[in-house]
Amino acid sequence: MDFNITVGEEAVVFHVASLVQDGLSPTDDDLAKELGEEVRPVLQSLLDKGWLVVDEDRELALSTIARHIVSSRRYADGPPA
């Protein structure tokens with residue numbers, strides 16, 4: 001896993017995490033429709049770096065390590081109230 005991600009990649013990671021937490025299973029097409037076609041190379045980069053995984057239905061999710069990192073960063077200021 002490549003831990004060096006850009007600010008834009010980090011924003012996409014947190015966006016995907018939020019969607020998944022809300023019970024959604026976004027695909028690359030869903031995100032391109034929502035965020036614009038320019039998100040596709042960002043998604044590919046995150047897949048290549050090991051932050052995202054994709055299943056046979058093209059649904060995106062965070063890798064196990066990415067889930068842990070996102071969870072740790074979300075609550076860096078303390079647990080939710």
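The values are calculated or read from the model by the stated rules, or taken from the named source; none is laboratory data. The model shown is predicted, which means the values in this text are computed figures rather than measured ones. Quick reminder, even Gly has a Cβ in these numbers, built from the backbone with ideal geometry, and neighbours come from all protein chains shown. In case anyone asks, the SASA skips ligands and DNA or RNA and just uses the protein heavy atoms, side chains included. Shrake-Rupley method; radii C 1.70, N 1.55, O 1.52, S 1.80 Å.
With respect to the conditions (1) open to solvent by 90 Å² or more (accessible area, probe 1.4 Å); (2) modelled with pLDDT under 95, residue 2 falls short on a single one, namely (1).
The set of residues from the range 44-58 being within 15 Å of residue 18 (Cβ to Cβ) and without any contact (Cβ under 8 Å) to a residue 40 or more places away in the chain comprises just one member, 52.
Contact map, the range 10-34: first residue exposed (fewer than 14 other Cβ atoms within 10 Å of the Cβ), second residue small (Gly, Ala, Ser), Cβ cut-off under 8 Å, separation 6 or more or different chains; pairs are 25/61.
A single member of 38, 59 is exposed (fewer than 13 other Cβ atoms within 10 Å of the Cβ) and modelled with pLDDT of 95 or more, and it is 38.
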